[in-house]
Amino acid sequence: MRSTRLTVAIALLLALGLWQIQADQESRAKKTNSPDNADLIKQGNYLVSEVAHCGHCHTPLDSKGQPDRSRLLQGATLGIVPKQKTDNWADKAPNITSSGLAGKWSEQEMIKFLTTGVNAEGDKPTPPMPVFHLNTRDARAVFLYLKSLPGSKGGEDGDKKNK
């Protein structure tokens, strides 16, 4: 009798836990697809594409030397070098779509990075990446836009096709 009650109690707790997980996922999906977020995503697209020009470094080039729109913001080898050699220089720009940093960093981590110029580990970006000091709303807009981009199925570096 006692083991039957314990089994039923465990089953109820598991069912409640699974129900709560599903409810949380549905809630997050509704928040991400809300009309307010649609406006923020549009703003994020503008900030990324027209203001910060993130695609200049984070989008690989095609065989004609033009940005490959099919791999937008999926990471690329940088074509610029400093005048004097330094160890503090990135050779590649990472994938910043949902299959890259926007998928790995939490919204809070990305907002912190874009508002303070410091990532979750306490590091500043490696040049030539600039330090941004966006306001929180703009940083969230950028994050939501980047998160909305599916990125590559292959993972972190969209520039691998060029090798």
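The values are calculated or read from the model by the stated rules, or taken from the named source; none is laboratory data. In this text, all values refer to a predicted model and were calculated from it rather than measured experimentally. Reconstructed Cβ throughout: ideal geometry from the backbone, glycine too, with neighbour counts over all protein chains shown.
One line per residue, one yes/no per condition, for (1) buried (at least 16 other Cβ atoms within 10 Å of the Cβ); (2) in contact with a strand residue (DSSP E or B) (Cβ under 7 Å, 6 or more places away or on another chain); (3) not assigned by TED's automatic domain parsing to the domain that holds Arg137:
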site: Glu50; (1), (2), (3): no, no, no
site: His53; (1), (2), (3): no, no, no
site: Pro60; (1), (2), (3): yes, yes, no
site: Leu72; (1), (2), (3): yes, no, no
site: Gln84; (1), (2), (3): no, no, no
site: Ser99; (1), (2), (3): yes, no, no
site: Lys104; (1), (2), (3): no, no, no
site: Glu107; (1), (2), (3): no, no, no
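Looking at region 43-67, which of the residues that are out of contact with any helix residue (DSSP H, G or I) (no Cβ under 7 Å at 6 or more places or on another chain) and touching a residue at least 12 places away in the same chain (Cβ under 8 Å) is farthest from Ala139 (Cα to Cα)?
Filtering region 43-67 for residues that are out of contact with any helix residue (DSSP H, G or I) (no Cβ under 7 Å at 6 or more places or on another chain) and touching a residue at least 12 places away in the same chain (Cβ under 8 Å), the one farthest from Ala139 (Cα to Cα) comes out as Leu61.
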